[in-house]
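The values are calculated or read from the model by the stated rules, or taken from the named source; none is laboratory data. Source: prediction; values computed, not measured. Methodologically, a virtual Cβ is constructed for each residue, glycine included, from the backbone with ideal geometry; neighbour enumeration extends over all protein chains shown. The area values use the complete protein model at the heavy-atom level, side chains included, leaving out ligands, DNA and RNA. Shrake-Rupley method; radii C 1.70, N 1.55, O 1.52, S 1.80 Å.
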Amino acid sequence: MAMPVDSVDLFDQGYALDPYPAMAALREHEPVKFDENTGLWLISRYEDVRTILLDPENFLPDNAIDAIGRFSVQTLRVLARVKFDLPQTLANNSSDSHAGYRRIMTKLFNAQAVNASVPMVEKVVAEALDDVEQRLAADGVCDLATTIARDVPFRVMLRLLGLESAIDVDIDTLARWSDASLELFWGRPRGEREVALAHEAAEFYAWLTDLVSKPAPEEGTLLGALAAHRLPDGEPLGVTQKAAVVYFMIIAGQMTTTQMLSTMYRRALLEPGLWQRFAAEPATVEPWTEEVLRRDPPITTWRRVTGRPMTLSGVDLPAGAPLLLMLSSTGSDTEVFENPEQICPYRANVRKHLSFGIGRHRCSGAELARMEADVVMRMTAERLPDLRFSAESSPEMLALLSFRAPLQVLVRGSRRGVSATDENAARRGAGRPGPGMIRKTRPSPTAPAAPSGRPQSAGWRSKRVAMPRPPAAPSVARP
């Protein structure tokens, strides 16, 4: 039985490292709990979250990308200078224009497009692995979180959207802008830090408005689709609407894939023998990644607001109540998933998780993310079967309202120079068992304090590997 919790600090490093006990306590004792720190109602049970996501008429997405706190006057001025605005387009759109935006995304990320992109993704991954190998050869160590896990999703996204030839900045700049935007709108920055982040976000937004304002964009690209699109009243999209779509796609689309890959790398490298199994049996990768998505989704929470008085788990909510849907908690709900703390690749209901959402606003890039996870993990294990997690890797996590992932995944190329003691220390620091250690059902919470369905498409999966038979399973607040 989980112990009740008086409060949960969703931004605390301790929670980011080990959120499972708090989530279990919420599901058991207070499945609908008002959080005074954020002003949000925390919704932690699977059935409640699923009900909300499937009822966009009564649970509106309008607050999905609002800033979590009030900005200072200085921050608002910085954003106002570039006329920063994120009108209703995709994730925060409850109007009749949403379906049109959605069709644009579906055309770009449908099963046929994802299948056709596999050779491109494999080429991008191979190039990124060249870089990893060069870094390992030169320095003996490489951070996968800031190299391949970051660069592959950026390059894949830019190519699929037809933006690669249109942009005039490098990936380092895009990553810096994206990181700043995530922390500004989904974190709790204060004072000078908040203002500095606002300058980065404003620079990003100004660059985007210039990008979407260029004449005659190519057909078959995101910019071309936005230029040709018409709203329900027949009007074309304005600059702010186009910029908002691209802003969301780069940040919420690309960055979440980076965080997903960082989480998977760390888990796989810390589980004794698993990395070597991936190298020897590539078909085991894809079902494993699906289970990690259930247990550790890169988007941990998402928001909704009640459109009228509603009742959830016996708790009455007024109209206008802001809700925080705890997606990561739903994947560990024992009413739905047996032994949720265990990663069971052949779990019968593995696809029942809500990590990509469900219903009208389900993630358009879900199949792309799944394909990238399989290709990246499979090719890395094949190319670098002796990769080892480094004890020097920081345990610090990205601890934002809706995003959680390792900030660093340091690896070395072989066992030479790495003792068994070093490897056990690395596992303990990340809450994973090593040889001779007692396996725990949850990661250790020890860490230093910090200063953040649809049916499955066979598609690429059936073309890439022959799966073995399963074994018996034991808007931002506008300035």
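Which condition number in (1) out of contact with any His (no Cβ under 8 Å at 6 or more places or on another chain); (2) open to solvent by 40 Å² or more (accessible area, probe 1.4 Å); (3) on the phi < 0 side of the Ramachandran plot is the one that Trp288 fails?
(2)
Of these, Leu293, Leu324, which one is in contact with a His (Cβ under 8 Å, 6 or more places away or on another chain) and open to solvent by less than 20 Å² (accessible area, probe 1.4 Å)?
The conditions single out Leu293.
Consider Met371 carefully, then state whether it is within 19 Å of the chain's Cα centre (by Cα) and open to solvent by less than 50 Å² (accessible area, probe 1.4 Å).
Numbers: within 19 Å of the chain's Cα centre (by Cα): yes; open to solvent by less than 50 Å² (accessible area, probe 1.4 Å): yes.
Taking the combined requirement at face value, the residue satisfies it.
Any residue in the stretch 87-103 that is over 20 Å from Ala67 (Cα atoms) sitting within a Cβ distance under 9 Å of a residue that is open to solvent by less than 10 Å² (accessible area, probe 1.4 Å) and of a type in the set (Ser, Thr, Tyr)? List the pairs, counting only those 6 or more apart or interchain.
Note: pairs meeting the criteria are Ser97/Thr89; His98/Thr89; Tyr101/Thr89.
So which residues in the stretch 29-76 are surrounded by fewer than 20 Cβ atoms within 10 Å (Cβ to Cβ), touching a Pro at 6+ places or on another chain (Cβ under 8 Å) and over 19 Å from Ala321 (Cβ atoms), if there are any at all?
Within the stretch 29-76, His29, Leu76 meet the criteria.
Cβ contacts < 8 Å: first residue farther than 17 Å from Met379 by Cα, restricted to the stretch 127-143; second residue of a type in the set (Lys, Arg) and assigned to a helix (DSSP H, G or I), any location; separation 6+ or different chain. Result?
Val141/Arg135
Got a sec? Which helices (runs of 4 or more DSSP H) wholly within the stretch 47-161 have at least 2 residues that are over 28 Å from Thr263 (Cβ atoms) and polar (S, T, N, Q)?
Working: elements: 73-81, 98-109, 111-139, 148-160.
Here the list reads 73-81.
Within the group Gly187, Gly162, which residue is open to solvent by less than 30 Å² (accessible area, probe 1.4 Å), farther than 24 Å from Met397 by Cβ and of a type outside the set (A, V, I, L, M)? Quick ask: steps written out before the conclusion?
Details: Gly187 fails: farther than 24 Å from Met397 by Cβ.
Result of the check over Gly187, Gly162: Gly162.
Looking at the stretch 127-137, is at least one residue in contact with a strand residue (DSSP E or B) (Cβ under 6 Å, 6 or more places away or on another chain), open to solvent by less than 40 Å² (accessible area, probe 1.4 Å) and of a type in the set (A, V, I, L, M, F, W, C)? Explain how you work it out, then say what you get.
So in the stretch 127-137, the residues in contact with a strand residue (DSSP E or B) (Cβ under 6 Å, 6 or more places away or on another chain) come out as 132, 135-136.
Keeping just the survivors that are open to solvent by less than 40 Å² (accessible area, probe 1.4 Å) gives 132, 136.
This time we only want the ones that are of a type in the set (A, V, I, L, M, F, W, C), so: 132, 136.
Checked against the condition, which is being in contact with a strand residue (DSSP E or B) (Cβ under 6 Å, 6 or more places away or on another chain), open to solvent by less than 40 Å² (accessible area, probe 1.4 Å) and of a type in the set (A, V, I, L, M, F, W, C), the stretch 127-137 yields at least one hit.
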